[in-house]
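So the structure is just underneath, and the comments pick up after that.
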């Protein structure tokens, strides 16, 4: 059994999608696969596209998580939360 290399045009197209676009396309792919009215080749192509779309969604979610963590670790003045805690501790001495 041979494994096909990823299609660059498909990868580039998926990489350009917003989270919502990738999610909506992934829902469509899953629906088509669940319907089962495709050939084996079509099913494999859909599966590969679904995997790429799922990866893209995960990239968006990981990026959002990183942004939230960065926002939580920064005080309103822009200083890291740990630095503000250290300054507060020193001031109370």
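Throughout, read-outs are computed from the coordinates displayed, never taken from laboratory work. Keep in mind that this is a model prediction, so the values were computed, not measured. Backbone-built Cβ (ideal geometry, glycine too); neighbour counts: all protein chains shown.
Could you calculate the FRET efficiency of residue 47 with residue 19 from 1/(1 + (r/R0)^6), where r is the beta carbon distance between them and R0 is 25 Å, rounded to 0.05?
Efficiency for this residue pair is about 0.75.
Using the count of nearby Cβ atoms within 10 Å as a rough guide to exposure, how do 44, 33 rank from fewest to most?
44, 33
Can you sort 29, 14 by how many other beta carbons sit within 10 Å, fewest first?
Starting with the residue having the fewest Cβ neighbours, the order is 29, 14.
Label points 7 Å out from Cα along the Cβ direction at residue 61 and residue 37: separation in nm?
3.0 nm
Quick one: 74, 39, fewest Cβ neighbours within 10 Å first, how do they rank?
Ascending number of Cβ neighbours within 10 Å: 39, 74.
Multiply the residue separation of residue 30 and residue 72 by 0.36 nm, subtract the distance between their alpha-carbon atoms, and state the gained length in nm to one decimal.
Net length gain for the segment: 11.6 nm.
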